[in-house]
Amino acid sequence: MNERPSVAILGAGMAGATVARRIAEAGWHVRVFDKGRGVGGRMSTRHTHAMQFDHGAQFMRARGETFAARLAGWDRRGIVASWAGAGRRVGVPGMTAPVRDLLGDLPVASGTTIVRIGRDRAGWRLTDSAGANQGPFAALAIAIPAPQAAALLDASGLALPGVEQAAYAPCWSLMLAVENAPGDVLIEPQEGPVGLIALDSSKPGRPAGARLTLHATRSWSRAHLEAPCEAIVDALTRAAGECLGAPLRPAYAEAHRWRYAQVETALGRPCLYDPGLRLGAAGDWCLGPRIEAAHDSGLALAEAILADLSASA
Ligand SMILES: Cc1cc2nc3c(=O)[nH]c(=O)nc-3n(C[C@H](O)[C@H](O)[C@H](O)COP(=O)(O)OP(=O)(O)OC[C@H]3O[C@@H](n4cnc5c(N)ncnc54)[C@H](O)[C@@H]3O)c2cc1C
């Protein structure tokens, strides 16, 4: 066991998992904290009533070589597969699979909301919502949506200039179990209430049944952000039926609000890192509204932390 100090990572989404894997590969200890019950962040898979839904991100594509190589590796190992009829890659058996693969057996504290961070001579210390303290850590990577990172920094009397520039659009997501599957596996109307209708159950490796995930458009989600879930279920179910040309009578329906869903204004830099503080931030908000952006941003932050730690090791 090496005696090198460890790095704390906030967020077990694609960005945080990428930071953690790269730093662990270089031989440093890592510890990941996430407020969610499971890992994956916006690449999460909801398991409910013996069904499952990808209620956040639906699929992945690579524009750059780095993520293309990562996707190809996952493809070979069956972590992702092609979604027949949609021509895009998805996680198998759920969208969380690539994040789970990156995290592997790295230590993750789930259900742990970090509410304050602070630094003393020994390093970074974190306080969770139950009042428990963690640390010290040699470096800290914040891999959570920019508005949440800005609030955490502010509550801790700290700043990472740039975090406040990024902005997100919200998204209402609807999970439906229906009697009959529609003919198309993916429809993207992008007008009125409905942005996307995915036949979630047609993705590879999913349990049998006919299940839809529906995403509302940005403008509709924004206009109905504080509406109750029942009203969202009714309105989106009706609108989806109109898109599909036949009313939907779901046996199961559940709405989920993503307050920070898709990046609208990105920072335009791969990550933020302050070597004096040994504090950095990464996420899709650095580069754009995609899983690939979260991955590439996480990798950039990991390299910045490693260069810094190695220089003083
Ligand atoms: C509805 C929807 C559809 C999408 N569709 C697609 C798509 O089809 N293709 C695509 O490429 N992208 C899509 N995206 C975007 C994609 O999901 C994101 O770009 C990517 O998953 C972001 O990863 P991340 O690691 O930056 O952030 P996240 O996945 O948000 O991870 C951040 C993590 O930080 C945790 N966290 C936050 N605050 C704290 C705290 N204080 N303490 C501890 N933990 C904390 C959260 O629980 C979360 O797990 C979609 C997103 C949404 C919401």
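All of the numbers you see were taken from the coordinates with simple rules; none came from a lab. If you're wondering where the values come from, they're calculated on a predicted model, not measured in any experiment. Note: ideal-geometry Cβ built from the backbone for every residue, glycine included; neighbour counts use all protein chains shown.
What FRET efficiency do you get for residue 65 and residue 110 if R0 is 25 Å and r is their Cβ-Cβ distance, rounded to the nearest 0.05?
With a Förster radius of 25 Å, E is 0.15.
Rounded to the nearest 20 debye, what is the charge dipole size of the chain about its Cα centre when +1 sits on each Lys and Arg Cβ and -1 on each Asp and Glu Cβ?
That gives the chain a dipole magnitude of about 440 debye.
Using packing as a proxy for protection, rank 137-146, 24-33 so that the peptide with the highest average count of other Cβ atoms within 10 Å comes first.
137-146, 24-33
Can you list the residues, at least 5 places off or on another chain, whose amide H is less than 5 Å from the amide H of residue 88, using H built in the peptide plane?
Sorted by chain and number, the residues that satisfy this are 83.
What whole number of Å gives the distance from the Cα centroid of the stretch 5-39 to the Cα centroid of the stretch 287-313?
Using only Cα atoms, the two centres lie 12 Å from each other.
Can you run the Rg to Rh ratio on the chain? Use alpha carbon positions and the Kirkwood inverse-distance Rh.
0.99
Kirkwood Rh over alpha-carbon pairs of the stretch 272-313, then Stokes-Einstein at 4 °C and 1.567 mPa s: what D in µm² s⁻¹, rounded to an integer?
123 µm²/s
Sort the stretch 5-54 into rounded, prolate or oblate with this rule: let a ≥ b ≥ c be the square roots of the eigenvalues of the Cα gyration tensor; rounded if a/c is under 1.5, and if a/c is not under 1.5, prolate when a/b is larger than b/c, oblate otherwise.
Cα axes put the stretch 5-54 in the prolate bin.
Looking at the chain only, what percent of DSSP beta bridges run antiparallel? Nearest 5 please.
75 percent
Which of 127, 96, 18 moves most in a GNM of the chain, Cα contacts under 10 Å?
The residue with the greatest mean-square fluctuation here is 127.
Just name one of 220, 248, 170: the one whose Cα is farthest towards the positive end of the charge dipole of the stretch 167-264 (beta-carbon charges, Lys/Arg +1, Asp/Glu -1).
Of the candidates, 170 comes out farthest on the positive side.
In µm²/s, what is D for the stretch 50-115 at 10 °C and 1.306 mPa s, where D = kT/(6 pi eta Rh) by Stokes-Einstein and Rh is the Kirkwood radius from Cα pairs?
This corresponds to a translational diffusion coefficient of 119 µm²/s.
To two decimal places, what compactness ratio does the stretch 54-172 give when its Cα radius of gyration is scaled by 2.2 N^0.38 Å?
So the Cα radius of gyration is 1.33 times the expected 2.2 N^0.38 Å.
Given the stretch 1-116, what whole percent of its Cα pairs are spread farther than 22 Å?
37 percent
Could you work out the per residue convex hull volume over the alpha carbons of the stretch 159-244, in cubic angstrom?
Cα convex hull per residue, to the nearest whole number: 144 Å³.
Mind checking which of 198, 149, 72 has the largest fluctuation in a GNM of the chain, springs on alpha carbons under 10 Å?
The residue that fluctuates most here is 72.
Binning at 5 angstrom from zero up to the longest distance, how are the C-alpha pair distances of the stretch 120-275 distributed in percent?
2, 8, 15, 15, 12, 11, 10, 10, 9, 5, 3, 1, 0
Dividing the Cα radius of gyration by the Kirkwood radius, what Rg/Rh value follows for the stretch 96-137?
The Rg/Rh ratio comes out at 1.09.
For the stretch 204-306, what is one quarter of the convex hull surface built on the Cα atoms, given in nm²?
Reported value for the Cα convex hull: 9.9 nm².
Using only alpha carbon pairs under 8 Å that are at least six residues apart, calculate the relative contact order of the chain and give it in whole percent.
21 percent
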